[in-house]
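The values are calculated or read from the model by the stated rules, or taken from the named source; none is laboratory data. Owing to the predicted nature of the structure, the values given are computational and were not obtained by experimental measurement. All Cβ positions, glycine included, derive from the backbone under ideal geometry; neighbour counts span all protein chains shown.
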Amino acid sequence: MLLKIKNINYSVAIVSVMFAVPTLVLAASSGSSDKEISWFLMVTSLFGGLGMFLYGMEMMSDGMKMTAGNKMRSILEKLTSNRFLAVGVGAFVTMVIQSSSATTVMLVSFVNSGLLSFVQGLGVILGSNIGSTVTAQIVAFKVTDYALALIAIGALMSLFSKKESTKNIGFVILGFGLLFYGMKVMSDTMKPLRSNPTFNSILTSFENPFMGILAGAVFTALIQSSSATTGIVITLASGGSITLEAGIPLIFGANVGTCVTAILAGLNASREAKRVAIAHVTFNILGVALFCFWIPTYAEWMAQTADNIPRQIANAHTFFNIIATVVFIPFTPLVAKLIIRYFPDQEISRNIEKPAVLNLDENVFDTPAVAISNAQAEIKGVLGLVERVVGSLVLPFVSTEPGDRDVENPEQDLDEGMQIRLDKITFLNNAISSYLVKINNQDLAEGQSREIFTLVSVINYINLIKNGINLRFSGLLENKEKNVQDLSDQAKDELVKYHRKMLKQIRRLARFFEKYDRNKIEKIITKGKKYKALEEKYRIENIKRKGDVSDNPVENNQFYSDLMDMLKEISIFIELIASSLLDLESIEENSS
């Protein structure tokens, strides 16, 4: 599917090139012969070049995402405990996937699913702004003469390579080629406009800081890519159409306009994730406010960093984000407190009867790594339900206190409360399965396809745990009512101890989905072997106790065995889940 979709896109891009090049030639010949500007050909050439530029940037970013796979997600999840380290992580991830917007959307999703805290996310936001400047630095190199060579190399790699990683790298190179060729088309198209007074007056107006910032913000909000805006500004500078004093306000505006993506990502997210979007807007607007009143002085400084305007604009973009990060990073805890103070948590009344999906956001399907993390976060919530269900299994049969009421809602009896939770697990598992199928219809790396298959297996095993409890629990309650004589104290003690071991296993599994720690999975498997031996030991001891029929009647022996069977079945499925996850970890390590 990946190759098919990408080939279609590739064909569209090539057709764009085929149409744009003749148009460019006609525009140039018209200008040279008639010494008049053909506005129709000028506009079509300009938009053709812009289309190639934006499409090339999208292809390059998608190729980077596919090449990086889930590694970028893993880095974000595990290396953001320190705010200074979080800045480096945000910069690195954005540099690799070539999209600060994608990093921000990923961040909002991780905070929404509870994988990262709001405070941890602040450093990543600042770092993503630094990482986004790498694109501008690359664009500032004069490599447009080699654009067609890059297109040829990228096309050959993506079309004829049998290795998926090579294909993805081919798409990255092809994207770079289209990006640079689009720059060339736009630059050559606008050369005749240098002598046009109207065009010059428009560009000169951007030297007014507020006009330039507004124009950059609006354009970036429309195309939702600050890197694209910066690249276009550098293209204008390369053709001699724009000055450094006009380019700097435009790239400042791009930093404001890119916040739109974070805002859109946070609209339907949790309270914590909305704070991430607010923090992104706050940092970027304050950063621009910090610089906008001394742009002429800043332009003089940047003029000393290089001998050409495109490189000076790229440097201005980089230094702006680095300086803003250095200024703001010590104040991230204070910013976090202020945002939490004025945007506090909302108290939500808990209703166990009404199932609710919390993390399955379908707006992030274009970033499969984020969508997969959302599914994992929802699975973690299901495991919390499973823990509460399993936690209620043994108490009614071993306690001397009346245990016929639900532990969370005393107005309901135990069996009714248990059934509500089991139905909720069914509802959530169906929602997660449907979500995973939709992710699987996207362009996925091989490792991501395996991960989805593993998560589907996890859901199936959870369903088997739920079905086993659903099948046995009500019957056990009925048998308890019929049994006049209780279990022996030793039998009760064994059931309680084994039951606690199962709860620990479920908690370990849930904690794995918080930080994806391989050690937790290995511990589940190791402990599972010990618990199997413990269960066999208890069974043997129970058989020995059968000798005293008066103290241990046959009915109670069967009752004890039924309870043990239910707990043992849960243990087996937990180990199967852990084994599936461990196999996936091994596959990913070998592929990397």
Quiz item: Within segment 102-121, can one find any residue that is modelled with pLDDT of 75 or more, surrounded by fewer than 20 Cβ atoms within 10 Å (Cβ to Cβ) and within 21 Å of His317 (Cβ to Cβ)?
Solution: no
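Looking at this structure, is Gly287 in contact (Cβ under 8 Å) with a residue 12 or more places away in the chain, in contact with a Leu (Cβ under 8 Å, 6 or more places away or on another chain) and in a helix (DSSP H, G or I)?
Values: in contact (Cβ under 8 Å) with a residue 12 or more places away in the chain: yes; in contact with a Leu (Cβ under 8 Å, 6 or more places away or on another chain): no; in a helix (DSSP H, G or I): yes.
No, not satisfied.
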Quiz prompt | Only one of Ile234, Ile263 that is at pLDDT below 90, surrounded by fewer than 17 Cβ atoms within 10 Å (Cβ to Cβ) and not in a loop (DSSP other than H, G, I, E, B) | solution = Ile263
Quiz item: Which residue, of Asn429, Asn441, is farther than 15 Å from Asp562 by Cα and surrounded by fewer than 16 Cβ atoms within 10 Å (Cβ to Cβ)?
Solution: Asn441
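Does Gly154 fit the bill of being small (Gly, Ala, Ser) and over 21 Å from Ser61 (Cα atoms)? Lay out the reasoning, then the answer.
Values: small (Gly, Ala, Ser): yes; over 21 Å from Ser61 (Cα atoms): no.
It is false that Gly154 is small (Gly, Ala, Ser) and over 21 Å from Ser61 (Cα atoms).
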Quiz item: So, of the residues in segment 485-504 that are aliphatic (A, V, I, L, M) and closer than 17 Å to Glu575 by Cβ, which turns out to be surrounded by the fewest Cβ atoms within 10 Å (Cβ to Cβ)?
Solution: Leu503
Exercise. Only residues in segment 322-342 that are assigned by TED's automatic domain parsing to the domain that holds Thr282 and closer than 18 Å to Gly131 by Cβ count as the first member; pair them with residues that are of a type in the set (Gly, Ala, Ser) and buried (at least 18 other Cβ atoms within 10 Å of the Cβ), Cβ under 6 angstrom, at least 6 apart or cross-chain, and list the lot.
Key: Ala324/Gly287
Self-check item: The one condition in (1) modelled with pLDDT of 85 or more; (2) over 24 Å from the mean Cα position of the chain (by Cα) that Gly240 fails to fulfil
Solution: (1)
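Within the group Glu387, Glu401, which residue is assigned by TED's automatic domain parsing to the domain that holds Lys504, at pLDDT 85 or above and either farther than 14 Å from Pro355 by Cα or surrounded by fewer than 17 Cβ atoms within 10 Å (Cβ to Cβ) (or both)? Break it down stepwise before answering.
Details: Glu401 fails: at pLDDT 85 or above.
Going through Glu387, Glu401 in turn, just one is assigned by TED's automatic domain parsing to the domain that holds Lys504, at pLDDT 85 or above and either farther than 14 Å from Pro355 by Cα or surrounded by fewer than 17 Cβ atoms within 10 Å (Cβ to Cβ) (or both): Glu387.
With Glu245, Glu207 as the choices, which residue is crowded, with 18+ Cβ neighbours inside 10 Å, at pLDDT 85 or above and charged (D, E, K, R)?
On the way: Glu207 fails: at pLDDT 85 or above.
Answer to the check: Glu245.
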Quiz item: What do you reckon, is Ser45 hydroxyl-bearing (Ser, Thr, Tyr), buried (at least 21 other Cβ atoms within 10 Å of the Cβ) and either farther than 18 Å from Phe365 by Cα or at pLDDT below 75 (or both)?
Solution: yes
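In the list Lys530, Lys424, Lys523, Lys438, which residue meets the criterion of being modelled with pLDDT of 85 or more, part of a helix (DSSP H, G or I), touching a helix residue (DSSP H, G or I) at 6+ places or on another chain (Cβ under 9 Å) and closer than 16 Å to Leu582 by Cβ? Reasoning before the result, please.
On the way: Lys530 fails: closer than 16 Å to Leu582 by Cβ; Lys424 fails: closer than 16 Å to Leu582 by Cβ; Lys438 fails: closer than 16 Å to Leu582 by Cβ.
Going through Lys530, Lys424, Lys523, Lys438 in turn, the sole match is Lys523.
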Self-check item: Of residues in segment 292-342 being surrounded by fewer than 18 Cβ atoms within 10 Å (Cβ to Cβ) and of a type in the set (D, E, K, R), the one modelled with the highest pLDDT
Solution: Glu300
